[in-house]
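Remarks on the structure that follows.
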Amino acid sequence: MNKIVFGFLLIVSVLSSMCNLKETERKNLSKKDFIDIISLKGNEIDGKILSIFMFCKVADKDIGLIDTWGLIKNFNTKKDLTFQDYVYSIFYDNQNINKSDDMYYCFQLDDEITLDYQNNVLDNFLNKYTIKDNVYRYYIYKNLSYNEKMTILYHLFQNGYFSYFDDISGYYFIQKITIEEKEDWIE
């Protein structure tokens, strides 16, 4: 009887550790993967990915918030580059987007939040400014200023978190997208 109970517990223990191992092996889509995907798909991009926020340089201290749809619309005014070259020039070569383009919002990084980001590990930063909605999704506290929210989203984008605004709840959601989930986002 003891051998049966011991065997059962051993099997449960092994299965449990295998489930935990699968959880830690979750392969997230990186910022680079994301940029590569949208640069290759060009105007054929469709699905939820159109509403994901990205951040790029605009001027000396300004950061531009642009979603995928805005990026496509902005590109359509550029005739001298391929879409892939255009996207790469913004995100890899740090080219500025024209400030006159109205496809995005401009802001300057909030000094206090940026200092918090630099002085904390990412989990502490997330815990301070967001609420965990589920295992992989967070939302930003509503009581922060627009500039503070954008600064948080910017720093998280630099770390491979993707964000979007939910019109219904009024929250900015942040999450990692796994390689397996990317097809749900890019239809």
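Quick note: the coordinates plus some simple rules give every number you see, no bench work behind them. Computed from a predicted model, the values in this text were never measured in an experiment. Glycine also receives a Cβ, built like all others from the backbone with ideal geometry; neighbour counts cover every protein chain displayed.
Some notes on this structure:
- Under a 5 Å amide H cut-off, with hydrogens placed 1.01 Å from N, M54 pairs with I66, D67 among residues at least 5 apart or on other chains.
- For region 111-126, backbone phi angles converted through the Karplus equation (6.51, -1.76, 1.60; θ = phi - 60°) give residue-by-residue couplings of 4, 5, 5, 4, 5, 4, 4, 5, 9, 10, 6, 4, 4, 5, 4, 4 Hz, Gly and Pro being listed as x.
- Across the cross-link table entries K79/K142; K31/K149; K73/K149; K78/K132; K27/K79; K61/K142, which are compared at the Cα atoms, the separations over 30 Å belong to K79/K142; K78/K132; K27/K79.
- 3J(HN,Hα) from dihedral phi, region 139-151, Karplus parametrisation 6.51/-1.76/1.60, rounded to Hz, x for glycine, proline: 9, 7, 4, 6, 7, 8, 5, 4, 5, 5, 4, 5, 5
- In this simple spin-label approximation, N120 and S89 carry label points 7 Å from Cα along the Cα→Cβ vector, and these lie 3.8 nm apart.
- Treating r as the C-beta distance of N147 and D80 and R0 as 30 Å, the FRET efficiency rounds to 0.35.
- Close amide H contacts of L109 (hydrogens built in the peptide plane, cut-off under 5 Å, sequence separation of 5 or more or a different chain): I63.
- Neighbours of I140 by Cβ distance under 13 Å: Lys/Arg scored +1, Asp/Glu scored -1, total +1.
- Y136 versus D111: modelled label distance in nm, points set 7 Å from Cα along the beta carbon direction: 3.9
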